[in-house]
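Nothing in this text is a laboratory measurement; each read-out follows from the coordinates by a stated rule. Computed from a prediction, not measured in an experiment: that's the story for all the values here. Cβ placement follows ideal geometry from the backbone for every residue including glycine, while neighbour counts extend to all protein chains displayed.
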């Protein structure tokens, strides 16, 4: 079972300069909400931003990580969902 801190660390390690805030919003250890800010998102669509994050976890999404709700932004943007 992944923990919010582990998910945060993996996002920040995979996307240079990223800052992530992650919470387990059901308390069950498989539904997470993350806000990710990264320069790598600049000029990318919301879908492209989310793909960058989801690719970090691959097959874990829908498995041990049943749900990962994202808000992504570059430092110059307002949050997107």
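Starting from residues that are surrounded by 12 or more Cβ atoms within 10 Å (Cβ to Cβ) and out of contact with any strand residue (DSSP E or B) (no Cβ under 6 Å at 6 or more places or on another chain), keep the ones in segment 3-17 and report whichever is nearest to residue 76 (Cα to Cα).
This residue is 15.
Residue 66 versus (1) surrounded by 15 or more Cβ atoms within 10 Å (Cβ to Cβ); (2) in contact with a strand residue (DSSP E or B) (Cβ under 8 Å, 6 or more places away or on another chain): which is the lone unmet condition?
Single failed check for residue 66: (1).
All but one of (1) without any contact (Cβ under 8 Å) to a residue 60 or more places away in the chain; (2) part of a strand (DSSP E or B) hold for residue 51; state the number of the condition that does not hold.
Status for residue 51: all satisfied but (2).
Being over 21 Å from residue 66 (Cα atoms) and out of contact with any helix residue (DSSP H, G or I) (no Cβ under 7 Å at 6 or more places or on another chain) is the filter; apply it to segment 20-45 and report the residue that is surrounded by the fewest Cβ atoms within 10 Å (Cβ to Cβ).
So, considering only residues that are over 21 Å from residue 66 (Cα atoms) and out of contact with any helix residue (DSSP H, G or I) (no Cβ under 7 Å at 6 or more places or on another chain), the one surrounded by the fewest Cβ atoms within 10 Å (Cβ to Cβ) is 43.
Is at least one residue of segment 17-25 part of a strand (DSSP E or B), closer than 18 Å to residue 4 by Cβ and touching a residue at least 60 places away in the same chain (Cβ under 8 Å)? Break it down into steps so the answer makes sense when it comes.
First, the residues of segment 17-25 that are part of a strand (DSSP E or B): 19-24.
With closer than 18 Å to residue 4 by Cβ added as a condition, the list becomes 19-24.
Filter once more, keeping what is touching a residue at least 60 places away in the same chain (Cβ under 8 Å): none.
Within segment 17-25 (the criterion being part of a strand (DSSP E or B), closer than 18 Å to residue 4 by Cβ and touching a residue at least 60 places away in the same chain (Cβ under 8 Å)), the answer is no, since none of the residues qualifies.
State all residues of segment 63-81 that are farther than 15 Å from residue 7 by Cβ and part of a loop (DSSP other than H, G, I, E, B); if no residue qualifies, say none. Full working, then the answer.
Here is the first cut: in segment 63-81, the ones farther than 15 Å from residue 7 by Cβ are 73-81.
Selection gives 74, 75, 76, 77, 78, 79, 81.
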